[in-house]
Amino acid sequence: MRTKLFFIAAICFFVVSNTQANNNPNKSEDKPAIKKAHFNDGTSSFQEYVKMNLIYPSCAREKALEGKVDVSFFVLPDGTIHGARVTRGMDKVCDKVALNMINNMPNWNPAQKNGKPMASKVKVSINFRLDG
């Protein structure tokens with residue numbers, strides 16, 4: 001009887017410890033290496049692109065409108081932009097200008113999963129600020 005109990009206890013211990021080992025979130029082989037999509041060299045180059053290419057609408061300038069337009073889009077595995085849309089607008093004209101600028105951007109470096117390019121969703125904010 002003791003042998004049977006020892007054997008059952010040993011099996012239970014093995015099953016529990018094996019399950020815990022398989023569910024360990026620190027196991028590196030379970031985590032895919034993911035790299036986010038980025039514009040050329042990263043955030044600073046995107047901000048530079050916006051600074052150089054954002055055309056402040058004259059009607060917004062005349063009304064002294066300031067604010068930000070949030071835009072989301074997909075970066076496809078080949079780096080092209082697809083499905084850009086305003087997720088939080090500021091003014092119809094500024095929204096259109098921001099969307100147009102995003103749709104005319106050069107290709108991004110796509111996201112990668114385990115070294116393979118993949119599509120990903122990106123969210124950016126375009127700030128409209130009058131020079132002070």
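Please treat every number below as a calculation from the coordinates, not as lab data. Bear in mind the structure is a predicted one, so any value in this text is a computation, not a measurement. Cβ: placed from backbone, ideal geometry, glycine included. Neighbour counts: every protein chain shown.
Table for the structure above
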item: Members of the stretch 98-129 that are surrounded by 19 or more Cβ atoms within 10 Å (Cβ to Cβ), out of contact with any Pro (no Cβ under 9 Å at 6 or more places or on another chain) and under 12 Å from Lys36 (Cβ atoms); result: Trp108, Val122
item: Hits in the stretch 58-77 - residues which are touching a Pro at 6+ places or on another chain (Cβ under 7 Å) and more than 15 Å from Lys123 (Cα to Cα); result: Pro77
item: Lys63 being surrounded by 14 or more Cβ atoms within 10 Å (Cβ to Cβ) and among the basic types (Lys, Arg); result: no
item: Residue within the stretch 74-90 that is surrounded by 12 or more Cβ atoms within 10 Å (Cβ to Cβ) and touching a residue at least 60 places away in the same chain (Cβ under 8 Å) present; result: no
item: Residue match in the stretch 82-98 (condition: of a type in the set (Gly, Ala, Ser) and part of a helix (DSSP H, G or I)); result: yes
item: Total residues in the stretch 39-77, condition closer than 17 Å to Val93 by Cα and among the hydrophobic types (A, V, I, L, M, F, W, C); result: 9
